[in-house]
1. Can you give me the number of residues within segment 107-125 that are over 18 Å from Ala54 (Cβ atoms) and open to solvent by 40 Å² or more (accessible area, probe 1.4 Å)?
2. So Gly203 clears everything in (1) on the phi < 0 side of the Ramachandran plot; (2) surrounded by fewer than 16 Cβ atoms within 10 Å (Cβ to Cβ) except one condition, right? Which one?
3. Name, by its number, the condition in (1) under 27 Å from Gln29 (Cα atoms); (2) in a helix (DSSP H, G or I); (3) open to solvent by 80 Å² or more (accessible area, probe 1.4 Å) that does not hold for Ser104.
4. Scan segment 165-174 and give yes if some residue there is in a helix (DSSP H, G or I) and within 26 Å of Arg77 (Cα to Cα), otherwise no.
5. Please determine whether any residue of segment 158-166 is among the aromatic types (Phe, Trp, Tyr) and under 29 Å from Leu47 (Cβ atoms).
6. Would segment 142-162 turn up any residue that is over 20 Å from the mean Cα position of the chain (by Cα) and surrounded by fewer than 18 Cβ atoms within 10 Å (Cβ to Cβ)?
7. When segment 54-84 is examined, which residues are found to be under 23 Å from Gly94 (Cβ atoms) and either in a loop (DSSP other than H, G, I, E, B) or modelled with pLDDT under 90 (or both)?
8. Could you say which residue among Arg236, Arg224 is open to solvent by 100 Å² or more (accessible area, probe 1.4 Å), over 29 Å from Gln29 (Cα atoms) and either of a type in the set (A, V, I, L, M, F, W, C) or within 30 Å of the chain's Cα centre (by Cα) (or both)?
Amino acid sequence: MTGTIATPPAAASFDPYADAPTASAVRFQYRLNPLAKIAGPAPAMVLLVFVRDAATPLAFLALAYALLLVGARLTPRLALMLFVGIPAAVVVLGFGFSLWTDPSRIEAGSPVLSVGSWTLYSGMLQIGYATALRLAAIIALSLPAGVSTTGPDLVRSMVQQLRVPYRIGYTALAAFRFVPRFGHELEIIRQAHRVRGAHGGRGPFAALARWGGYVVPLLAGAIRHAERVALAMDSRAFGAYPDRTERHLVPWRARDTVFVVLFWAVSAALFWALFPWGLA
């Protein structure tokens, strides 16, 4: 049998231990404490759940886009998500929610489309797209923290600022590190099975047989890796003392406080100006 085995691209797998990407001084999101990037938009994300208009989600969507375009490095993946993924999701989800809206419980408005006895009203489209915009705004507000924060820095900030026990934080991070490793080992096992011609064929039964053959070697590799991680943690006296010396500090600086206060002020101003609850 001839052929080559492609090595799984390491960069394609998600690595929570990856270093933060280098960026210019203008990209301020990378210089903020991870907790500040979560605390800033968190109240707005919660309140957006309870709004029903389209203007408020649009305003926060614009705010999130401005933060991402100015404060974060625009990678091809992020650009694809911002300019293709989110707009496409709004269009598809908005139309889907419109179809599920009951016109008898809203101000239906004028008919837009009729198919047989079913009619799509303008009020249904308004409710559907307002809901889709609300979801898009919540997702977009979570992106600045997601694209500019590494997993280790988030755990370190939770341990150092929120006083989360380091036994929980670093153990969760070690367990999270298993995910990309499992993906790498699964690809190696699949390639080994392919070279040996095991579980070939097409169809659902052949696919089930192939995946069944992956389980045992993947489980054995997971147990071996877990034992190595446990021995490494024991050799470093992990959990022996109530506190642990931190090699990498993630301090809460004045700029983090300024960012949180400014974000809360802008969010309050937007909610005050638009007042989406109809009580004015």
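1. First, pick out the residues of segment 107-125 that are over 18 Å from Ala54 (Cβ atoms): 111, 113-119.
So of that shortlist, the ones also open to solvent by 40 Å² or more (accessible area, probe 1.4 Å) come out as 111, 113-118.
The qualifying residues number 7.
2. Only one criterion in (1) on the phi < 0 side of the Ramachandran plot; (2) surrounded by fewer than 16 Cβ atoms within 10 Å (Cβ to Cβ) is unmet by Gly203, namely (1).
3. (1)
4. Going through segment 165-174, the residues in a helix (DSSP H, G or I) turn out to be 166-174.
Now restrict to residues that are within 26 Å of Arg77 (Cα to Cα): 173.
Yes, because at least one residue in segment 165-174 is in a helix (DSSP H, G or I) and within 26 Å of Arg77 (Cα to Cα).
5. no
6. First, pick out the residues of segment 142-162 that are over 20 Å from the mean Cα position of the chain (by Cα): 159-162.
Now drop any that are not surrounded by fewer than 18 Cβ atoms within 10 Å (Cβ to Cβ), which leaves 161-162.
Yes: segment 142-162 contains one or more residues that are over 20 Å from the mean Cα position of the chain (by Cα) and surrounded by fewer than 18 Cβ atoms within 10 Å (Cβ to Cβ).
7. Residues of segment 54-84 under 23 Å from Gly94 (Cβ atoms): 54-66, 68, 78-84.
Answer for segment 54-84, where residues must be under 23 Å from Gly94 (Cβ atoms) and either in a loop (DSSP other than H, G, I, E, B) or modelled with pLDDT under 90 (or both): just Ala54.
8. Working: Arg236 fails: either of a type in the set (A, V, I, L, M, F, W, C) or within 30 Å of the chain's Cα centre (by Cα) (or both).
Sole residue among the options that is open to solvent by 100 Å² or more (accessible area, probe 1.4 Å), over 29 Å from Gln29 (Cα atoms) and either of a type in the set (A, V, I, L, M, F, W, C) or within 30 Å of the chain's Cα centre (by Cα) (or both): Arg224.
The values are calculated or read from the model by the stated rules, or taken from the named source; none is laboratory data. What you see is a predicted model; the values in this text were computed from it and never measured. Glycine gets a Cβ as well: all are built from the backbone with ideal geometry, and neighbour counts include every protein chain shown. We work out accessible area using only protein heavy atoms, side chains counted, and drop any ligands, DNA or RNA first. Shrake-Rupley method; radii C 1.70, N 1.55, O 1.52, S 1.80 Å.
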